[in-house]
Amino acid sequence: MSQLKRIEGLMAATCTPLTSSGEVMPEAIAGYVDYLVRMNIAGMYVMGTTGEGASLTGAERKTVAEAFVAGSHGRIPVFIQVGHNSVAEARELAAHAQSVGADAVSAFAPSYFKVDSDKRLMDCMAEIASGAPNIPFYYYHAPGFTGIKPNMDYLVSYAQKNIPNFAGVKFTDSRVHEYQACLEKYQDRYDFLWGTDEMLISGLAVGAHGAVGSTYNIAAPIYYRLIKAFREGDIDTAQACQYMSVRLVEVLIQFPLFAALKEILGWSGCPLGPCRLPLGSLEPGESKKLRTMLEEEGLLEHMLVAPDNTPVVSQD
């Protein structure tokens, strides 16, 4: 199996471009990837929650995976999230991701028929991971969406014995103590990616090196400033940056969240369209309201530039 180095920095949980009629728009992905590279993003987590993976057909998911891999041109790692209520379909999507050159695959738990034990959950993950045996596999721990809350120590212990290409966990939860326990016991062998944007400083405090998040798409400068300040022991600045993140999320959740995220990316020259049902889209006039709220909170000015200080977001 090819080994992927531990992710350092911010991975963007990417959006999936859709037309106004809800069709997948792969031609928009290359420019989107270029934008993320300019923002110093360390990798892309494709078709997770932010990317509406659960709302796409299998054929659409393959098209999107191909477009992100092609758009990357090997510049930053591409993780393809392949979780599905059909374990067989998830395994097929993993095989496809490997075949088109993805750097890693990841999967959330099947959640319609709830798994009845941690072993059953990991049996599912082993089956999915076996579809892409030559690239790393990450478990996507997202209990807020799946309702599945495995014992993390059991999960990693099982994977260590039964999933040869297991590489780590995308940990999207607020239980910092569980995350810390994983790091303390297993970080010399596996990669644990922090997944809660508005608690990044908590992840850093217990040893996180890499993180995956939605708002890294639009506010990477804030988070990189947070990380730099934390590493240098400037806790006041790190806390101030984290509070900016909290305020950003508080603004976004007053709208359909992922639609608002896509709208802001559109301001950055990345037109990604609306969201697909069952998610909502912005109503007429809400784009202006969103911009006004971000400006009034003093946030937009910190989202306008890439780390090299070049303008990113149009102010028109």
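Coordinate-derived values only; no laboratory data. Computed from a predicted model, the values in this text were never measured in an experiment. Cβ placement follows ideal geometry from the backbone for every residue including glycine, while neighbour counts extend to all protein chains displayed.
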Checklist entry - Rounded, prolate or oblate: which fits the stretch 1-101 when a ≥ b ≥ c are the square roots of the eigenvalues of the alpha-carbon gyration tensor, with rounded for a/c under 1.5 and prolate only if a/b beats b/c? => result oblate
Next on the checklist: Charges at C-beta only: +1 for Lys and Arg, -1 for Asp and Glu. How large is the resulting dipole of the stretch 82-139 about its Cα centre, in Debye rounded to 20?
Outcome noted: 80 debye
Next on the checklist: Between the stretch 13-61 and the stretch 142-178, what is the separation of their alpha carbon centroids in Å?
Outcome noted: 25 Å
Checklist entry - Of the trypsin sites (Lys or Arg not before Pro) in the stretch 1-75, which ones lie in a loop per DSSP and count no more than 16 other C-beta atoms within 10 Å? => result 5, 6, 75
Checklist entry - Magnitude of the Cβ-charge dipole of the stretch 106-200, K/R +1 and D/E -1, about the Cα centre, nearest 20 debye? => result 220 debye
Next on the checklist: Can you give me the C-alpha center-to-center distance between the stretch 242-268 and the stretch 183-212, rounded to a whole angstrom?
Outcome noted: 23 Å
Checklist outcome for this item: Protection proxy (average C-beta count within 10 Å per residue), highest first, orders 208-218, 48-58, 288-298 as 208-218, 48-58, 288-298
Item to check | Selection from 11, 40, 134 lying farthest towards where the dipole of the chain points positive, charges on Cβ | outcome: 134
Item to check | Cα-centred dipole magnitude for the stretch 152-275, charges only on beta-carbon of K, R (+1) and D, E (-1), debye, nearest 20 | outcome: 260 debye
Checklist entry - Per residue of the chain, what 222 nm ellipticity follows from adding -39500 (n - 2.57) for every DSSP H run with n ≥ 4, rounded to the nearest 500? => result -13500 deg cm²/dmol
Next on the checklist: Is the C-alpha gyration tensor of the stretch 185-274 telling us rounded, prolate or oblate? Criteria: a/c under 1.5 is rounded; beyond that, a/b larger than b/c is prolate, otherwise oblate.
Outcome noted: prolate
Checklist entry - To the nearest 0.05, what FRET efficiency results for residue 70 and residue 153 with a Förster distance of 35 Å applied to their C-beta separation? => result 0.35
Checklist outcome for this item: The summed charge of the residue 213 Cβ neighbourhood (under 11 Å; Lys/Arg +1, Asp/Glu -1) stands at -1
Item to check | Amide H contacts of residue 43 (H built 1.01 Å from N, under 5 Å, at least 5 apart or other chain) | outcome: 12
Next on the checklist: Can you give the local net charge around residue 33? Use residues other than it whose beta-carbon is closer than 14 angstrom to its beta-carbon, Lys and Arg +1, Asp and Glu -1.
Outcome noted: -2
Checklist entry - If you take the square roots of the eigenvalues of the alpha-carbon gyration tensor of the stretch 91-223 and sort them as a ≥ b ≥ c, do you get rounded (a/c under 1.5), prolate (a/b over b/c) or oblate? => result prolate
